[in-house]
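Comments concern the structure below.
The values are calculated or read from the model by the stated rules, or taken from the named source; none is laboratory data. Not measured: the values here are computed from a predicted model. No Cβ is skipped: glycine too gets one built from the backbone with ideal geometry, and neighbour counts run over all protein chains shown. Protein only, heavy atoms only, side chains kept; ligands, DNA and RNA dropped before computing areas. Shrake-Rupley method; radii C 1.70, N 1.55, O 1.52, S 1.80 Å.
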Amino acid sequence: ADSTVYRASTTAPVNIAVIKYWGKRDPKLNLPTNSSLSVTLAQSDLRTHTTAACSTLFPAGQDTLLLNGAAQDVSGARTQACFRELRALREALEAQDPQLPKLAQQPLRIVSENNFPTAAGLASSAAGFAALVRAIADLYQLPATPTELSRIARQGSGSACRSLFGGYVAWEKGTAADGSDSLAYEVAPASHWPDMRALILVVSAAKKGVSSTTGMQATVATSSLFAARANDTVPARMRDMASAIKAKDFAAFADLTMKDSNSFHACCLDTSPPIFYMNDVSRAAVRAVEAINAAAGKTVAAYTFDAGPNAVVYYAAEHEAAVAGAFKAVLAGTEGWSGARGEAVAADEKAA
Ligand code: PMV
């Protein structure tokens, strides 16, 4: 009998959307109501490292997942969908070539480590599911492109489909009921605009409020602003944002990024009952970015907020002193702020 332990390791980066995904048209398949676009953070900063292994030596019928040393429940529909899709692709390969080892039936053992605090409210599920899918795809030696794998990672967590690429990534919402065309594509590689930087400001005491799934469902069901956002605002911004990135037009990129974050949080406030992800500390960061841009006489920084109070501030490397320096000065005395890894706000959080 085959007693080999097969193994593959990979990393996937965190991505932060600049045009936000908010709303599901199919919660089971994680099909979105609008397309979205993100910037992937540098692997050296925030990433998940994952090793996938399989063997007939592992206890039969038991797939396991360890995250930062703690056993995770893999019985959830999202994780199961990823395992099922990847096994089906491996089974198809094994059916074509009977010489291949029969890996699809073997129990999976997944070990993941984040190099940032999982509880900090950063987009850990995006990097996590992207790394899980890529690691198993590599273990199974699937000849799948990142876009093909994005279809599977999307079923783990919507935003995870964008973490299969570095750089600037669009998730096209697609129209098919089975999700076959709801996929991620590279808009531009990181090397296209390498001096993009991201400063991540973590509200230390951040607790998970309303989960993104619960929040999205409530917004779709009750917000009267939502339809305009999904049908008109975001489609126009997707085009404008892709153009801004291609032209490396930071002012246009920043303007769209801030407007779209505010539009998303306005829809949250317009949800019944209202959802508050941003807090007073978040609003202090908005004002700090406004002050930085006013002092510079042009737009050199852009804020964006996900489903929590933490701020991500994008800026161009040439304005590092103005942006990161100002944040250090402004926020040093503001209770509640610290860097992405819990340290003092640092200027070296490179994106792309
Ligand atoms: O992928 P999810 O289900 O965790 O949703 C992510 C939602 C936002 O982070 C708020 C926006 C986005 O596009 O990432």
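Residues whose amide H lies under 5 Å from that of Val18, counting only those 5 or more places away or on a different chain, are Leu37, Ser38, Val39; hydrogens are built 1.01 Å from N in the peptide plane. The Asp2 and Thr64 beta-carbon pair, evaluated with R₀ = 25 Å, returns a calculated FRET efficiency of approximately 0.80. Within straight-line reach of Lys259, meaning a Cα separation under 19 Å, sit the following aspartates and glutamates at least 8 residues removed in sequence or on another chain: Asp232, Asp240, Asp249, Asp270, Asp280, Glu290, Asp306. The longest stretch of the chain left intact once loop-based GluC sites (Glu not before Pro) with at most 16 other Cβ atoms within 10 Å are removed from consideration, loops following DSSP, is 1-334. The string of couplings for the stretch 52-66 from the Karplus curve (6.51, -1.76, 1.60, θ = phi - 60°) is 10, 9, 9, 6, 6, 6, 6, x, 4, x, 10, 7, 10, 9, 10 Hz, one whole number per residue in order, with x for Gly and Pro. Split the accessible area of the chain by element, probe 1.4 Å, and carbon with sulfur accounts for 55%.
Let me make sure I get this right: for the stretch 140-249, a, b and c are the square roots of the gyration tensor eigenvalues over alpha carbons, sorted descending. Under 1.5 in a/c it's rounded, otherwise prolate if a/b > b/c, else oblate. Which is it? Since a/c stays below 1.5, the shape of the stretch 140-249 is classed as rounded.
In plain terms, the chain is cut at each of the trypsin sites (Lys or Arg not before Pro) found in a DSSP loop with at most 11 other Cβ atoms within 10 Å, and the longest leftover piece is 29-206.
Pairs from the table (Lys20/Lys298; Lys173/Lys248; Lys248/Lys328; Lys24/Lys298; Lys28/Lys246; Lys173/Lys246) lying more than 29 angstrom apart at Cα are Lys24/Lys298; Lys28/Lys246. For the chain, modelled as a Gaussian network with Cα springs under 10 Å, which listed residue fluctuates most, Pro59, Pro98, Pro27? Checking each option, the largest mean-square fluctuation is seen for Pro98. In a DSSP loop and with at most 14 other Cβ atoms within 10 Å, the chymotrypsin sites (Phe, Trp or Tyr not before Pro) in the stretch 247-319 are Phe276. A simple spin-label model places the labels of Asp270 and Leu100 4.8 nm from each other, with each point 7 Å out along Cα-to-Cβ. Dividing the summed helix terms, -39500 (n - 2.57) for each DSSP H run of n ≥ 4, by the number of residues in the chain produces a 222 nm estimate of -11500 deg cm²/dmol to the nearest 500. Annotation for the stretch 1-49 versus the stretch 217-296: alpha-carbon center distance of 21 Å. Here the gap between Asn231 and Thr213, fully extended at 0.36 nm per residue and compared with their Cα-Cα distance, gives a gain of 4.5 nm.
Give me the 1.4 Å probe accessible area per residue for the chain, excluding ligands and nucleic acids, in Å².
On the way: 14490 Å² over 352 residues.
Per residue, the chain has an accessible area of 41 Å².
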